[in-house]
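Structure first, then comments.
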Amino acid sequence: MPVVDFHLHAYDFPLSAPADFIGFMDKQLGSSFAKFAERHSTAESYLAVLDEAGVDYGIILAELAPITSALGSNETVARLCQGSPRLIPFASINPYLTANPARELERLVAEHGFRGLKLYPPYQYFYPNDAMLYPLYAKAQELGMPVMWHTGSSVFPASRLKYGDPLFLDDVAVDFPALIGIITHSGRPFWYDRALALARLREHLYMEIAGLPLQRLLTYFPELERVADKVLFGSDWPSVPTIKKNIETIRGLPLSDKAKDQILGGNAARILKLDAVESR
C-alpha cells in the first residue's frame, strides 16, 4: 500500500507573500524562508523530501491567496510535477481573479495535466457554497477531479475564519453528488464534529488531517476507526516540517493495521487511482 502525503505546498520564487506570512514561516523553520523556498524550487528537492519521510506520492498544492498567505502559482506547480509521476499537481483558482473559473480549470487540465483542485475560502474570502462557484464544481465533477477546501482556523492575520466552516460543504455535496470533496484540516479546531459527521453522511466527502496534532487524533475523533476509509493523511509541509514523525505517530496510534494503511495512503490511492511504488 503506498504512503501518500495529500498536502504539500509549493511557492513561487522569488517569494510573493505578505511580510507577516514570511515572518511566520521564518519562525516555523528557524531559518530564512526565502532561502528555503529557493532550495525547494525543483522537482528533485521535493522528491528528496518524500524519500526522507518514506512517502511514495505527494500532492503538490498551488495557492493563489496574495492578501493572506502567498503565491504558489499553477505554473510553478506544473513545472515541479512535470515528468515526476510521484508528484501530483493540484491547481488553485481564485474566483475573484479569474473571469471564468470553469474554463480555466479545463485549460489547466488539458495543458498541464492537473489532477485536482484546492480552494482557500478563509484566505480568498468566499463561502464554499457560493453560487459563483457552482460552474467550477460542475466542471470538476465532469472531469472526475477531487476538490479540496481549506476549513477551520488559520494563523495568518488577514484570514477570515467564518468562511472555514465545513457545514457549507454539505450544500456542495448534495448539489454535486458525484464530486469527490476533501475537508482539509477537518475543520480544526472549531468544527471537528461537523467534519466527522459530513464524512460519515456524505458518500464522497473525505476528512483530511493536515496540520493537526496527530498524537491527539483519537481525542478529536474517538470513532476514527469506524471512518478510517474516509480519512486522508497530509502533512501541511513546510508549515509542519516533520513528515516522517507524523507518519510514525499515526503508525503508533491504537488503530487496526487496516485503518492505518487506509489513512496513510490507501484512501488516496483509491481516489487518485495510484499504484504502489516498488522502489524509491
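For T219, all conditions in the list (1) in contact with a helix residue (DSSP H, G or I) (Cβ under 6 Å, 6 or more places away or on another chain); (2) in a helix (DSSP H, G or I); (3) within 27 Å of V3 (Cβ to Cβ) hold save one; what is the number of the exception?
The single condition T219 does not satisfy is (1).
For every residue, the table says whether it meets (1) closer than 27 Å to E75 by Cβ; (2) at pLDDT 95 or above; (3) not polar (S, T, N, Q).
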site	(1), (2), (3)
N94	yes, yes, no
V109	yes, yes, yes
G113	yes, yes, yes
G144	yes, yes, yes
G152	no, yes, yes
D165	no, yes, yes
A178	no, yes, yes
G181	yes, yes, yes
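Among the residues of the stretch 224-280 satisfying the criterion of being assigned to a loop (DSSP other than H, G, I, E, B) and of a type in the set (K, R), which is farthest from V49 (Cα to Cα)? Give the steps one after another, and end with the answer.
Within the stretch 224-280, the subset assigned to a loop (DSSP other than H, G, I, E, B) is 233-236, 238-242, 252-256, 273-280.
The next check asks that each one be of a type in the set (K, R); those that pass are 273, 280.
On the way: K273: 22, R280: 12 Å.
Per the criteria, the residue is K273.
Which one of T249, T219 is farther than 27 Å from A70 by Cα, in contact with a Leu (Cβ under 8 Å, 6 or more places away or on another chain), open to solvent by 10 Å² or more (accessible area, probe 1.4 Å) and of a type in the set (S, T, N, Q)? Talk me through it step by step, then tell me what you get.
Working: T219 fails: in contact with a Leu (Cβ under 8 Å, 6 or more places away or on another chain).
Just a single option satisfies the conditions, and that option is T249.
Yes or no: T76 β-branched (V, I, T), more than 26 Å from G265 (Cα to Cα) and either touching a residue at least 12 places away in the same chain (Cβ under 8 Å) or open to solvent by 40 Å² or more (accessible area, probe 1.4 Å) (or both)?
Working: β-branched (V, I, T): yes; more than 26 Å from G265 (Cα to Cα): no; either touching a residue at least 12 places away in the same chain (Cβ under 8 Å) or open to solvent by 40 Å² or more (accessible area, probe 1.4 Å) (or both): yes.
No, not satisfied.
If only one of V109, V147 is surrounded by 22 or more Cβ atoms within 10 Å (Cβ to Cβ) and not basic (K, R), which one is it?
Working: V109 fails: surrounded by 22 or more Cβ atoms within 10 Å (Cβ to Cβ).
Going through V109, V147 in turn, just one is surrounded by 22 or more Cβ atoms within 10 Å (Cβ to Cβ) and not basic (K, R): V147.
Quick check on P122: is it under 24 Å from M25 (Cβ atoms) and either at pLDDT below 95 or part of a helix (DSSP H, G or I) (or both)?
Working: under 24 Å from M25 (Cβ atoms): yes; either at pLDDT below 95 or part of a helix (DSSP H, G or I) (or both): yes.
Yes, satisfied.
Using beta carbons and a limit of 9 Å, which pairs, at least six apart or on different chains, have the first residue in the stretch 105-116 and on the phi < 0 side of the Ramachandran plot and the second one part of a helix (DSSP H, G or I) and among the β-branched types (V, I, T)?
H112/V77; F114/V77; R115/V109; G116/I271
Are any residues in the stretch 150-180 open to solvent by 40 Å² or more (accessible area, probe 1.4 Å), of a type in the set (V, I, T) and not in a loop (DSSP other than H, G, I, E, B), and if so, which ones?
V174, the sole residue that qualifies.
Find all pairs meeting these conditions: Cβ atoms under 7 angstrom apart; at least six residues apart or on different chains; first residue within the stretch 238-264 and within 30 Å of G23 (Cα to Cα); second residue open to solvent by 60 Å² or more (accessible area, probe 1.4 Å) and at pLDDT below 95.
Final answer for the pair search is S239/Q28.
Does A10 satisfy being at pLDDT 95 or above and touching a Ser or Thr at 6+ places or on another chain (Cβ under 9 Å)?
Working: at pLDDT 95 or above: yes; touching a Ser or Thr at 6+ places or on another chain (Cβ under 9 Å): yes.
So A10 passes the test.
Kindly indicate the residue of the stretch 29-66 that is without any contact (Cβ under 8 Å) to a residue 12 or more places away in the chain and touching a helix residue (DSSP H, G or I) at 6+ places or on another chain (Cβ under 7 Å) and also least open to solvent (accessible area, probe 1.4 Å) among those meeting that condition.
Just the residues of the stretch 29-66 that are without any contact (Cβ under 8 Å) to a residue 12 or more places away in the chain, to begin with: 30-32, 35, 39, 44-45, 48.
Now drop any that are not touching a helix residue (DSSP H, G or I) at 6+ places or on another chain (Cβ under 7 Å), which leaves 32, 39, 45.
Working: S32: 45, R39: 136, S45: 18 Å².
In this case the residue turns out to be S45.
Let me spell it out: the conditions are (1) open to solvent by 30 Å² or more (accessible area, probe 1.4 Å); (2) farther than 30 Å from D26 by Cα, and K230 meets all of them except one. Which number is the exception?
(1)
Among the numbered criteria (1) free of Cβ contacts under 8 Å to residues at least 40 places away in the same chain; (2) closer than 14 Å to S153 by Cβ; (3) not in a loop (DSSP other than H, G, I, E, B), which one does P189 miss?
(3)
The values are calculated or read from the model by the stated rules, or taken from the named source; none is laboratory data. Owing to the predicted nature of the structure, the values given are computational and were not obtained by experimental measurement. As a convention, Cβ positions derive from the backbone with ideal geometry for all residues, glycine included, and neighbour counts pool all protein chains shown. Areas reflect the complete protein model, heavy atoms only, side chains present, ligands, DNA and RNA absent. Shrake-Rupley method; radii C 1.70, N 1.55, O 1.52, S 1.80 Å.
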